[in-house]
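This report concerns only the one structure given below.
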Amino acid sequence: MIENFFADYKKYIVTPVDERQNGNEGFDPKNYASHYILTLSIFNSRLSTWEDASKYDIDVEKSIKTVLEEFNLKQRERYHLQLLELVKQKNYFVLALSSKTKFETKEENDRISFIVDKLLTNPFYVGQGWFNLIGEKGRVARKLFSCSFMKYGIENQENIGEFIPKNGEIKLVKNL
């Protein structure tokens, strides 16, 4: 073999595309067929407020942001989740779920339950150590969240509130 065979290798260098940036154009609601507001609380919770999570060495806000970032990366062709509200003195948080496909009214509950119970639970439960936040009943059922939801649309905008961008995320700033 010739020793200078790879002498011109620099012409062949192709920098790999960062998966985290690839296809991450940002959230545009026009690209999604339906939107829902989800309210999640810990099932069989050992916490009275999110502040109590520090006893279990869990930074709730950081955990939620980490899981949502990974979720949005993996599910970018189907779903998008966004944190709307997290108040440390409460025991629930609010997410916006956007879906590329429209859910039929009769299947909304099943589809949203699938997203919460199958796609979100494991990253929180194992990946972020949230299994420490639930009691024995929750561990046996392997259920982390209790969830309620409401379809968000133009007809509901007056009831939901006003969204104002702040620091790259959307926060619910007014609740009627």
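Checking the structure you have, find out if any residue of segment 22-37 is in contact (Cβ under 8 Å) with a residue 40 or more places away in the chain, under 26 Å from G127 (Cα atoms) and in a strand (DSSP E or B). Within segment 22-37, one or more residues are in contact (Cβ under 8 Å) with a residue 40 or more places away in the chain, under 26 Å from G127 (Cα atoms) and in a strand (DSSP E or B).
Among the criteria (1) within 15 Å of W130 (Cβ to Cβ); (2) charged (D, E, K, R); (3) in a strand (DSSP E or B), the one D52 does not fulfil is (3). Would you be able to say whether some residue in segment 111-133 is of a type in the set (G, A, S) and closer than 15 Å to W50 by Cα? Yes, the conditions are met somewhere in segment 111-133.
The criterion of being assigned to a strand (DSSP E or B), surrounded by 13 or more Cβ atoms within 10 Å (Cβ to Cβ), touching a helix residue (DSSP H, G or I) at 6+ places or on another chain (Cβ under 6 Å) and not small (G, A, S) holds for H80. Considering (1) modelled with pLDDT under 90; (2) in contact with a strand residue (DSSP E or B) (Cβ under 6 Å, 6 or more places away or on another chain); (3) closer than 16 Å to K151 by Cβ, the lone condition that T105 does not fulfil carries the number (2).
Set side by side, the residues F93, F114 differ, and just one is modelled with pLDDT of 90 or more, among the hydrophobic types (A, V, I, L, M, F, W, C) and buried (at least 18 other Cβ atoms within 10 Å of the Cβ), which is F93.
I'm trying to understand the selection: among the residues of segment 91-118, which are closer than 12 Å to T39 by Cα and assigned to a loop (DSSP other than H, G, I, E, B)? Across segment 91-118, the qualifying residue is only N91.
The values are calculated or read from the model by the stated rules, or taken from the named source; none is laboratory data. All figures in this text were calculated on a predicted structure; none of them were measured in a lab. Please note: Cβ atoms are built from the backbone with ideal geometry, for glycine as well, and neighbour counts cover all protein chains shown.
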